[in-house]
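The values are calculated or read from the model by the stated rules, or taken from the named source; none is laboratory data. None of the values given here were measured: they were computed from a predicted structure. Heads up, the Cβs are rebuilt from the backbone with ideal geometry, glycines too, and the neighbour counts pull from every protein chain shown.
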Amino acid sequence: MTARREAIKKRIFEIIEKGRPGDRASRLFDLFLVILIVLNVAAIVLASVHSIDQALHHLFRAFEVFSVVVFSIEYGLRVWTASLKVPARSRAGSMLRYVITPMAIVDLLAVLPFYVPFLLPVDLRFLRILRLTRLLRLLKIQRYSESLQLIGKVLKEKKEELVVTIFVTFILIVFASTLMYYLESDVQPDEFPNIITAFWWAIATLTTIGYGDVYPVTGWGRLLSGIIAVLGIGLVALPTGILSSGFVEELSNRKKEARGDEKRDPPKYCPHCGKKL
């Protein structure tokens, strides 16, 4: 009986994980969930139109209940088969290790808002905010999309370069907002009452958006604004260049692996511990 149970668990694990070539049941399960997730997002968008929501409210509600049941069963099966994905000394240990993984948290948050009103008395405004977490169901597609997995891998490989870029950008924003506060606060006390408020101007200027709702009127302020805008062009382009080069490298490696080329680029991270080589 134990051997049969383990065999069933293994088969369920194979089905709910990303489908392998030739495993029709797993592929169909993946396709079903992807379609269900897309329909959920479409329902959220359509329900925001008052006239459509009034006409199809009961249909939307029934579809939400059906979706929550499916996602809850999926989450329960993933927790049950956690020992095959994240082995530990005990079954409870495997389950605990799994439920704190990012994708497991996304799975939980995708269904939790539905159950909260039944368990706890909540304010209707807070409940509306909770319902926004249904959009997290869209992130569940990451399991089944090689493109999204590629994005995640590139972000992981280029995280150090991206962190440096973000840190430099933050420093520039702090300097720019501080200088602009001292240059413009006397002339425009309502627009630049403090450094924190000046952050909006610095972000809008550095990202070259320039909404025009807040802008300098003094000569020195305009000079600083021009310098920040020019610097912003280069800084905004840096993350784009980093990610682009990462995509090119990863796609090149995948093509070489598909051809069976033994001279492909060596991995930058240890496949066992994940540390950078």
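At a glance:
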{"read-out": "Region 175-198, residues that are within 26 Å of P239 (Cα to Cα), in contact (Cβ under 8 Å) with a residue 24 or more places away in the chain and of a type in the set (A, V, I, L, M, F, W, C)", "value": "A176, L179, M180"}
{"read-out": "All positions within region 50-97 that are farther than 16 Å from F29 by Cα and of a type in the set (K, R)", "value": "R61, K85, R89, R91, R97"}
{"read-out": "Selection status of F71, in contact (Cβ under 8 Å) with a residue 60 or more places away in the chain and not charged (D, E, K, R)", "value": "yes"}
{"read-out": "Boolean, G76 is within 27 Å of G152 (Cα to Cα) and at pLDDT 85 or above", "value": "yes"}
{"read-out": "Any hit, region 209-217, residues being among the β-branched types (V, I, T), assigned by TED's automatic domain parsing to the domain that holds A237 and assigned to a helix (DSSP H, G or I)", "value": "no"}
{"read-out": "Some residue of region 254-262 being of a type in the set (A, V, I, L, M, F, W, C), loosely packed, with under 12 Cβ neighbours inside 10 Å and at pLDDT below 85", "value": "yes"}
{"read-out": "Selection from region 101-125 of residues that are surrounded by fewer than 11 Cβ atoms within 10 Å (Cβ to Cβ), outside any loop (DSSP other than H, G, I, E, B) and at pLDDT below 80", "value": "F118, L119, L124, R125"}
{"read-out": "Candidate set: region 75-100, residues that are assigned to a helix (DSSP H, G or I), among the hydroxyl-bearing types (S, T, Y) and out of contact with any Lys or Arg (no Cβ under 7 Å at 6 or more places or on another chain); chosen: the one farthest from I16 (Cα to Cα)", "value": "S94"}
{"read-out": "Residue in region 44-62 that is surrounded by 14 or more Cβ atoms within 10 Å (Cβ to Cβ), under 21 Å from the mean Cα position of the chain (by Cα) and modelled with pLDDT under 90 present", "value": "yes"}
{"read-out": "The listed residue being out of contact with any helix residue (DSSP H, G or I) (no Cβ under 6 Å at 6 or more places or on another chain) and assigned by TED's automatic domain parsing to the domain that holds A110, out of A47, A7, A25", "value": "A7"}
